[in-house]
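Worksheet for the structure shown next.
The numbers here are math on the coordinates, done by the rules we state, and not lab data. From a predicted model like this one, the values you see are computed outputs, not experimental measurements. In this analysis, Cβ positions are derived from the backbone assuming ideal geometry, glycine residues included, and neighbour counts consider all displayed protein chains.
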Amino acid sequence: MTPEPTRAQIESEAERLFSRGLADLGYTDAELLRCARLTWKINALKKLKDAVIPVHVYQRAEIIHGVADFTGDSYKLSKLCAQADAKRIVFCGVRFMAETAKILNEDKEVLLPAAEAGCSLSESITGEQVRRLKAKHPGAPVVTYINTSAEVKAESDVIVTSANASKIVAKMFEMHERVLFLPDELMGRNLAKALGRKLGSELITWKGRCIVHENFDAASVALYRKMYPGVKILAHSECSPGLVSVVDLIGGTGDMMSYVEKTKASSYMLITECGLGDLARTRFPEKTFVPMCRLCPHMKATGLERVLRALERPTPAQRVELPRELCARARKPIERMFELAEDRAKE
Ligand code: 13P
Ligand code: SF4
């Protein structure tokens, strides 16, 4: 049975959400009270059920500030999930992230509240297509972006995230003349340019695209710089090479947040999914953020009601199940990423 909060408990929870900056993001008092009732119940139930709630930075603010045990980019979440000691993981993010948590925690119950939350990159390639690419390019290591299914990971040599792709692909080139980088075409083009490698012959990529990041373009960047003198423009590495060539930083969401934290600029523009800007506004209320973002329908499919349902009585679709043999094969390239990403010997 889920405990029910009293009126006083709901009001005190709403005050906590207010203190986290939700009102500044536009939440009305009525919305804060509605969220507070749910976050109170989720937090009570998560203790009773011995669950942890990892939350990606693109998730809604009421989830990040209301119920998250940890928040971060794909790398940080996969690392922390690997260390989680609770019985259950309720993953607020998209399927490839929850699958990664399951691969690293086979014996735990992993729940994905928004069971249908996919990712256009993950859906762009299958295990069979990777097998065909490997047959076409024998000997080339398969470096795979974490935004892929467990089946695709299982066919890979090493997984990367936006936080370490450049470092790991560079390492692969120390040992190989040719590298397969899957499935993000734009990130592949950005990497080839940054590492001085020929696209198509040295760095072979796939035709996957992020439906959010492929739509930003470079055309208005000069205009924004005029409108907001001194603005620092940061773009996610899934954006196009044209855009990437005119911004101040290209990187993952973790890189963007640490750039904002460590610099003092008149304003910042975070070219990525809108959740990151919202999080930055609450974390750095003294800084100015110029709006420039798009919503990811997959990331925004998670709501508090679904998180509560997953904890109370998960639907079969909310339970992430993967065959043991597949987990074992997919775990190896993820563990290789942990080793290579944290190898500081040559830095
Ligand atoms: P990050 O790992 O940079 O948070 O990226 C995840 C993602 O889905 C980007 O669109
Ligand atoms: Fe996938 Fe793009 Fe959404 Fe990230 S923002 S989950 S890459 S579709």
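Qualifying trypsin sites (Lys or Arg not before Pro) in region 106-141, where qualification requires a DSSP coil assignment and no more than 14 other C-beta atoms within 10 Å, are lacking entirely. In region 23-70, inverting the average of 1/r over every pair of distinct C-alpha atoms gives 11.4 Å as the Kirkwood radius. Taking the chain as a whole, the Cys residues whose C-beta sits 4.7 Å or farther from every other Cys C-beta are Cys35, Cys81, Cys92, Cys119, Cys210, Cys239, Cys296, Cys327. Phi angles of region 261-275 translate, via the Karplus equation with coefficients 6.51, -1.76, 1.60 and θ = phi - 60°, into HN-Hα couplings of 5, 8, 10, 10, 10, 5, 7, 10, 10, 9, 8, 5, 5, 4, x Hz per residue; Gly and Pro are given as x. Close amide H contacts of Thr71 (hydrogens built in the peptide plane, cut-off under 5 Å, sequence separation of 5 or more or a different chain): Val55. Here the Karplus relation 6.51 cos²θ - 1.76 cosθ + 1.60, evaluated at θ = phi - 60°, turns the backbone of region 237-249 into coupling constants of 5, 8, 7, 6, x, x, 5, 4, 6, 10, 9, 8, 8 Hz, with x for every Gly and Pro. Listed by chain and number, the lysines whose alpha-carbon sits under 21 Å from that of Lys108, ignoring those within fewer than 8 places in the same chain, are Lys46, Lys47, Lys49, Lys76, Lys79, Lys87, Lys153, Lys332. Around the amide H of Tyr268, modelled in the peptide plane, lie the amide H atoms of Lys232, Thr288, Phe289, Val290, all under 5 Å away and 5 or more residues distant in sequence or on another chain. Using θ = phi - 60° in the Karplus curve 6.51 cos²θ - 1.76 cosθ + 1.60, the 3J(HN,Hα) couplings for region 104-111 round to 8, 9, 3, 8, 9, 7, 10, 10 Hz; x is entered for Gly and Pro.
Summarising the label geometry, the points placed 7 Å from Cα in the beta-carbon direction at Glu335 and Glu202 lie 3.2 nm from one another.
Using all pairs of distinct alpha-carbon atoms, the Kirkwood hydrodynamic radius of region 1-137 works out to 16.6 angstrom. Computed from the C-beta positions of Gln83 and Ile211, the FRET efficiency with R₀ = 41 Å rounds to 0.80.
With a cut-off of at most 13 other beta carbons within 10 Å, and DSSP calling the residue loop, which trypsin sites (Lys or Arg not before Pro) in region 292-347 qualify? Please list them. Passing sites in region 292-347 are Arg344, Lys346.
Of all the Cα-Cα pairs you can form in the chain, what percent are over 34 Å apart? Percent of Cα pairs beyond 34 Å in the chain: 26. Normalised Debye scattering of region 188-347 at q = 0.12, 0.16 Å⁻¹ gives log10 I(q)/I(0) of -0.76, -1.14, counting only Cα atoms as equal scatterers and leaving out solvent. Charge tally for Leu199 (other residues, Cβ to Cβ under 11 Å; Lys, Arg +1; Asp, Glu -1): +2.
To the nearest Å, what is the center-to-center distance of region 57-82 and region 172-249, using C-alpha atoms only? That distance is 25 Å. One chain, two ends: Glu321 and Glu342. Fully extended at 0.36 nm per residue, the span grows by 4.7 nm beyond their Cα-Cα distance.
Bridge orientation summary for the chain: considering DSSP beta bridges with both residues in this region, about 5 percent are antiparallel. Considering only Leu104, Ile204, Asn147, and ranking their Cα positions along the charge dipole of the chain that arises from unit charges at the beta-carbon of Lys, Arg, Asp and Glu, the one farthest toward the positive end is Ile204. Ranking Ser166, Ala135, Ala222 by Cα position along the charge dipole of the chain, where only Lys, Arg, Asp and Glu carry charges on their C-beta atoms, puts Ala135 farthest toward the positive end. Which distance in Å, rounded to a whole number, links the C-alpha centroids of region 307-333 and region 90-147? That distance is 12 Å. Projection of the Cα convex hull of region 124-220, averaged over all directions and equal to a quarter of that hull's surface, yields 6.3 nm². Among the chymotrypsin sites (Phe, Trp or Tyr not before Pro) within region 257-295, not one is in coil by DSSP while having at most 11 neighbouring Cβ atoms inside 10 Å. The calculated 222 nm mean residue ellipticity attributable to helices in the chain amounts to -13500 deg cm²/dmol, summing -39500 (n - 2.57) over DSSP H runs of n ≥ 4 and dividing by all residues. With no solvent and one equal point scatterer placed on each C-alpha of region 122-177, evaluate the Debye formula and give log10 I(q)/I(0) for q = 0.19, 0.21, 0.25, 0.31 Å⁻¹, two decimals. The Cα Debye sum returns log10 ratios of -0.66, -0.80, -1.05, -1.25. In straight-distance terms, cross-link reach from Lys226 covers every one of the lysines whose alpha-carbon lies under 26 Å from its own, apart from those fewer than eight places away in the same chain; here that gives Lys262, Lys264, Lys287.
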